[in-house]
């Protein structure tokens, strides 16, 4: 009877095979595939224009997306509510590893270079908007990240995840 109280044992089999297939996970998977497709479409469009996009940027962006998939849809997500270490690994992947890889992929720069003039103008207007510039300030971004993390873990909002 006591064995049923503790968390399930973490096994390599479950980590590799227990992929999430509930509706929100499928929607997330679709969004991730769409994001990768749009990124690769931008790389291809640049190539057709005779411009080379660095392979390291593409690899970095796709690696970041793969880590997001692993964090929220692989067998790791099977344990996120019951095994604290799995939950911590998810947070590390989602907050410390994947974002820098995605940023190193420079998706906004790619979109600016691969898009048409009208889209470029819209992107410039968005990236230069005062709200985006304020949120992109390193001090604001750092404070937001830590403030949201503490607000999330130390309030009842954690139960909704």
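What follows is calculated from the coordinates using simple rules that are stated; it is not laboratory data. Treat the numbers as computed from the prediction; the structure is a model and nothing was measured. All Cβ positions, glycine included, derive from the backbone under ideal geometry; neighbour counts span all protein chains shown.
Its DSSP H runs of at least 4 residues, each contributing -39,500 (n - 2.57), put the calculated 222 nm mean residue ellipticity of the chain at -21000 deg cm²/dmol, to the nearest 500. Taking label points 7 Å from Cα along the Cα-to-Cβ direction, residue 45 and residue 33 give a separation of 2.2 nm.
Relative to the current alpha-carbon distance between residue 159 and residue 130, full extension at 0.36 nm per residue lengthens the span by 7.0 nm. Taking only the alpha carbons of the chain, we obtain Rg and Dmax values of 19.2, 67 Å in that order.
Shown is the FRET efficiency for residue 143 and residue 104, computed with R0 = 30 Å from the Cβ-Cβ distance and rounded to the nearest 0.05: 0.85.
Seen against the Cα atoms of the chain and their longest principal axis, helix 138-153 is set at about 20 degrees. For segment 2-116, what is the relative contact order in percent, using Cα pairs closer than 8 Å and at least 6 residues apart in sequence? For segment 2-116, the relative contact order is 36 percent. Inter-part distance, segment 61-97 to segment 115-159, computed on C-alpha centroids, equals 21 Å. Can you tell me the 0 to 90 degree angle between the C-alpha axis of helix 23-48 and the longest principal axis of the chain, rounded to 10? Helix 23-48 sits at roughly 30 degrees to that axis.
For the chain, a Gaussian network of Cα nodes joined below 10 Å ranks 75, 136, 42 by mean-square fluctuation, and the top entry is 136. GNM remark for the chain: springs join alpha carbons under 10 Å apart, and the peak mean-square fluctuation among 62, 16, 101 falls on 16.
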